[in-house]
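Only the coordinates and a few stated rules stand behind these numbers; no lab work does. All values derive from a computational prediction rather than experimental measurement. Please note: Cβ atoms are built from the backbone with ideal geometry, for glycine as well, and neighbour counts cover all protein chains shown.
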Amino acid sequence: MEGRLAGALLLFGSTLLVFAGILFGVGADQSTSLQRWQSNALSTGLVVTLLGIAVFEFKLRDAGERVLARLGTISFLVGTTLWIAGDAIALSGASFVFEFERDYVVLACVTVAALGAAIVRTRILPGGLGWMAIAWGISWASLYLTRVVEAPLGPNVMTFLFGLLLVRR
């Protein structure tokens with residue numbers, strides 16, 4: 001039950017984040033109405049994803065992994081809080097604070113890598129997915145910090161995959 005609920009929340013959160021990305025792509029930065037829709041979809045998507053990670057943590061704890069699962073949940077909580085604060089500042093008419101976005105990406109990558117390591121340890125999901133999550137988290141953080149990639153929601157590709165496999169189990 002917990003696994004499917006976590007998976008459903010992760011998939012729904014991912015869907016909202018994709019919707020927010022589409023709105024950004026069609027010019028949400030130039031239209032106040034679209035910007036509000038994009039902001040709401042993004043914030044809601046991050047919070048729903050956080051809830052999915054929190055439920056996933058229960059499943060990982062039941063399988064014996066306490067530290068890595070908790071580390072991932074707390075990292076995503078702090079990152080989501082920073083992103084939402086930065087978004088609120090930007091919506092209020094002040095300048096966009098890149099550092100909040102950067103910190104979200106780094107913390108989301110820590111989350112992905114920590115959950116990947118927890119998956120490897122518990123085998124709740126295929127070990128290959130866990131190793132892929134560890135590599136993805138480290139790689140995406142490195143690529144983002146060096147500005148090779150600029151997509152801040154890259155870490156969420158893995159939360160989508162976690163959700164997909166949790167729902168299928």
(Q) Go through region 131-166 and report how many residues are touching a residue at least 60 places away in the same chain (Cβ under 8 Å), within 14 Å of T49 (Cα to Cα) and not in a loop (DSSP other than H, G, I, E, B). (A) 7
(Q) Can you list residue pairs whose Cβ atoms sit under 7 Å apart, with the first residue in region 63-79 being free of Cβ contacts under 8 Å to residues at least 24 places away in the same chain and the second being assigned to a helix (DSSP H, G or I)? Count only pairs 6 or more apart in sequence or on different chains. (A) R70/E57
Q: Sort through F58, F96, F19 and tell me the only one that's aromatic (F, W, Y), closer than 23 Å to L143 by Cβ and surrounded by fewer than 20 Cβ atoms within 10 Å (Cβ to Cβ).
A: F96
Q. Yes or no: A69 surrounded by 15 or more Cβ atoms within 10 Å (Cβ to Cβ), touching a Lys or Arg at 6+ places or on another chain (Cβ under 7 Å) and not charged (D, E, K, R)?
A. yes
Q. Could we say that T49 is touching a residue at least 60 places away in the same chain (Cβ under 8 Å) and under 13 Å from the mean Cα position of the chain (by Cα) here?
A. yes
Q: Quick one: A41 ticks every box in (1) in contact (Cβ under 8 Å) with a residue 40 or more places away in the chain; (2) surrounded by 21 or more Cβ atoms within 10 Å (Cβ to Cβ) except a single one, so which number is it?
A: (1)
